[in-house]
1. Mind listing whichever residues of the stretch 77-108 are within 17 Å of the chain's Cα centre (by Cα), assigned to a loop (DSSP other than H, G, I, E, B) and not polar (S, T, N, Q)?
2. State whether one or more residues within the stretch 39-52 are surrounded by 16 or more Cβ atoms within 10 Å (Cβ to Cβ), of a type in the set (Asp, Glu) and at pLDDT below 90.
3. Given the criterion buried (at least 18 other Cβ atoms within 10 Å of the Cβ) and assigned to a strand (DSSP E or B), identify the matching residue among VAL60, VAL161.
4. Go through (1) more than 23 Å from the chain's Cα centre (by Cα); (2) surrounded by 14 or more Cβ atoms within 10 Å (Cβ to Cβ); (3) in contact (Cβ under 8 Å) with a residue 40 or more places away in the chain one by one and return the number of the condition GLU156 breaks.
5. Determine which single condition THR126 fails, assuming it passes every other condition in (1) in a loop (DSSP other than H, G, I, E, B); (2) at pLDDT 90 or above; (3) surrounded by 13 or more Cβ atoms within 10 Å (Cβ to Cβ).
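The values are calculated or read from the model by the stated rules, or taken from the named source; none is laboratory data. From a predicted model like this one, the values you see are computed outputs, not experimental measurements. No Cβ is skipped: glycine too gets one built from the backbone with ideal geometry, and neighbour counts run over all protein chains shown.
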Amino acid sequence: MINHNLKIKSYKLKGFRQRILHLFTFNFSLLTFLLLSYSLSIGAEISRHEVRFHENDIFVTASLSLDNKHLQELNNGITKEFRFYIDIFRVWKIWPDEFILSRSFIRILMCDPVKKEYIATSNDGTTLVEKRFKSFESMTNWALTINELKLANLRELEPGVYFVRVTVESKIRKLPPVIGYFMIFSPETEFKLVKDSFTFSAGSLK
């Protein structure tokens, strides 16, 4: 009887230790994931943000630069999704800046390191474009740049002071179901970058 009770206690103790080990492993994985996500966001930047005017039209060019870790993941075959938001805001002295209009693009990059295939898509909500490239560099140069986007016309804006804000988000990769179920408080994006242009006046040209 005593030996039987000892076996029960030993079994319960073993089960308790296993639960503690599983909890420790999960917490360690969660911490590692969050630290990795943070470290990846440090090297990425909006390296180019240009606004120019031609015949009262506003043209915007913006480029995203990735760090070596992101580039290596892409080159190893991990699909990445980047979302570009190009917004016009009106400046107010007392009130918060007023959102006026926006254009957005979803760029998805896919590589096959074995077949040496490089594919990127761009979707602005209306038009879906898919392009194939001969090299990794040509794919990233195209997909990570918004080039000469016609955003608006100065004559269409109310008199005031404005600026163009470029925001880039990198959507997080899908996690295994078990980890994804528990990590409900993890960020939805790998990083989010924001960069504002110089301010400019509109309305006086009407």
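1. ILE78
2. no
3. Details: VAL161 fails: buried (at least 18 other Cβ atoms within 10 Å of the Cβ).
So the residue among VAL60, VAL161 that is buried (at least 18 other Cβ atoms within 10 Å of the Cβ) and assigned to a strand (DSSP E or B) is VAL60.
4. Of everything listed in (1) more than 23 Å from the chain's Cα centre (by Cα); (2) surrounded by 14 or more Cβ atoms within 10 Å (Cβ to Cβ); (3) in contact (Cβ under 8 Å) with a residue 40 or more places away in the chain, GLU156 misses just condition (3).
5. In the conditions (1) in a loop (DSSP other than H, G, I, E, B); (2) at pLDDT 90 or above; (3) surrounded by 13 or more Cβ atoms within 10 Å (Cβ to Cβ), THR126 misses (3) alone.
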